[in-house]
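Participant: One structure, pasted below without further comment.
The values are calculated or read from the model by the stated rules, or taken from the named source; none is laboratory data. This is a predicted model, so every value here is computed, not measured. Here Cβ is always computed from backbone atoms with ideal geometry, including for glycine, and neighbour counts include all displayed protein chains. Note: areas computed on protein heavy atoms with side chains; ligands, DNA, RNA excluded. Shrake-Rupley method; radii C 1.70, N 1.55, O 1.52, S 1.80 Å.
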Amino acid sequence: MTRPADHPEVKPPKVGVVLINLGTPDEPTATAVRRYLAEFLSDRRVVEIPAIAWKPILHGIILRTRPKKSAHAYAQVWMGEGSPLAVITRRQAERLAERLGPRVHVKHAMRYGNPGIAAAIARMTEAGCTRILAAPLYPQYCAATTATAVDAVFAVLAAMRVQPAMRTLPPYYDDPAHIEALRASLSRQIAALDFAPERLLLSFHGMPRRTLDLGDPYHCHCQKTARLLGEALGIEVDIAFQSRFGRAKWLEPATDRMLAGYPAKGVKRIAIAAPGFAADCLETLEELGIRGRETFLNAGGERFALLESLNDSDEGIAMLQRLIERELAGWLPPT
């Protein structure tokens, strides 16, 4: 059949994958951080306080005081290419694209900040992607992370006349591929240390306790990841939750309190890992690597090692490839 001369160009259909992480300010400045926090903390999935009560706190207190402090923290870990989270997530997408080859169009996006989810999906559809897998890089499901990323994806689709078919990557907290990648990565890093840790602490991002009471499975997912990883490593591990904020009751035990209490219990040499983070960021590099180290050493600790997240390591990229190829079953042509 001959296409009419005035028929618009039809690109060959492609399959797309968009890796989604939380987000980061564009620069380590108070202005950029304020813009980022305003978007992040206005999300009703993130802060489940009625807007009439939350907005005066957000705009009257938090956005006036927190950006300068956070900008200083970002400046301590900022890389030459930009924010660690942005740099590493981009590298993950680039390495994954190399492994998947021309049959898959891979992009990365941030739920808050740049590059945005809408822009990533627009670029993919313009390139001819008629089928897209949205992959939130959160091993453990949480409404404040996984759900809001998926919300944003489908909000983009809701505004489109011609929509691509869409799939989403499920949580992979207990997936054998994820546990094995963590085991291999942490084993390699621990073996390279110049001391033997007396304890391995697994620190997950904290959430308000009410999220568990409301049915969010995040706490259970973190516990299972920790248990399976400890079994895979063949050692007993501790679990804690970091990044407490405000006066509400948060998931416990708290990471900072665990670190402060170790030396009094005779634990003077520790390693800490954050298996809930797909990429190192402010919460791992500054909160754990700088402030956590200070807390532990000031309490009488002697040796402290922050172990890297999976990032764009061989173990991490091989895991992502395995998970994503499984979710693309039926969409990819035979190799």
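Participant: For the chain, what is the percent of antiparallel DSSP beta bridges, rounded to the nearest 5?
Facilitator: 5 percent
Participant: Rank 139, 263, 115 by mean-square fluctuation in a GNM of the chain with C-alpha springs under 10 angstrom and give only the top-ranked residue.
Facilitator: Taking springs between Cα atoms under 10 Å, the residue moving most is 263.
Participant: At a temperature of 10 °C and a viscosity of 1.306 mPa s, determine how fast the range 62-102 diffuses translationally according to Stokes-Einstein, using the Kirkwood radius over alpha-carbon pairs as Rh; express D in µm²/s, rounded to the nearest whole number.
Facilitator: For the chosen part, D equals 131 µm²/s.
Participant: So what's the net charge close to residue 302: Lys and Arg +1, Asp and Glu -1, counting the other residues with Cβ under 13 Å from its Cβ?
Facilitator: Net charge in that neighbourhood comes out at +3.
Participant: Please state the equivalent ellipsoid semi-axes for the chain: what are the square roots of 5 times the Cα gyration tensor eigenvalues, largest first, in whole Å?
Facilitator: Semi-axes from the Cα gyration tensor: 36, 25, 18 Å.
Participant: Bin by bin, in steps of 5 Å, what percent of the Cα pairs in the range 1-106 do you find, going until the bin that has the longest distance?
Facilitator: 2, 10, 14, 13, 12, 11, 10, 9, 6, 6, 3, 2, 1, 0
Participant: What residue among 119, 149, 273 has the largest mean-square fluctuation in a Gaussian network model of the chain, using Cα springs under 10 Å?
Facilitator: Evaluated over the chain, the most mobile residue of the options is 119.
Participant: Can you give the extra length, in nm with one decimal, that the chain gains between residue 314 and residue 59 once fully stretched, where that is 0.36 nm per residue apart less the Cα-Cα distance?
Facilitator: 87.5 nm
Participant: Residue-wise, which Karplus ³J(HN,Hα) couplings in Hz belong to the range 43-50, taking 6.51 cos²θ - 1.76 cosθ + 1.60, θ = phi - 60°, and x for glycine or proline?
Facilitator: Calculated HN-Hα couplings, in order: 6, 5, 6, 7, 10, 9, 9, x Hz.
Participant: Given +1 on the Cβ of Lys and Arg, -1 on the Cβ of Asp and Glu, and no further charges, what dipole in debye does the chain carry about its Cα centre, rounded to the nearest 20?
Facilitator: Computed about the Cα centre, the dipole is about 740 debye.
Participant: Bin width 10 Å, origin at 0, all Cα-Cα pairs of the range 52-133: what percent of pairs per bin?
Facilitator: 15, 32, 27, 19, 8
Participant: Å³ per residue of the Cα convex hull, for the range 249-335?
Facilitator: Taking only Cα atoms, the range 249-335 has a hull volume of 135 Å³ per residue.
Participant: Find the Rg to Rh ratio for the range 111-173, where Rh is the Kirkwood radius over alpha-carbon pairs and Rg uses the same atoms.
Facilitator: 0.96
Participant: So what does residue 250 come to for accessible area, using a 1.4 Å probe and Å² rounded to 10?
Facilitator: For residue 250, solvent-accessible area is about 40 Å².
Participant: To continue, here is another question. How high is the relative contact order of the chain? Use alpha-carbon pairs under 8 Å, at least six apart in sequence, and give a whole percent.
Facilitator: Rounded, it is 20 percent for the chain.
Participant: Let me ask you something else. Return one whole number: the accessible area per residue of the range 237-329 in Å², for a 1.4 Å probe.
Facilitator: I get 42 Å² per residue for the range 237-329.
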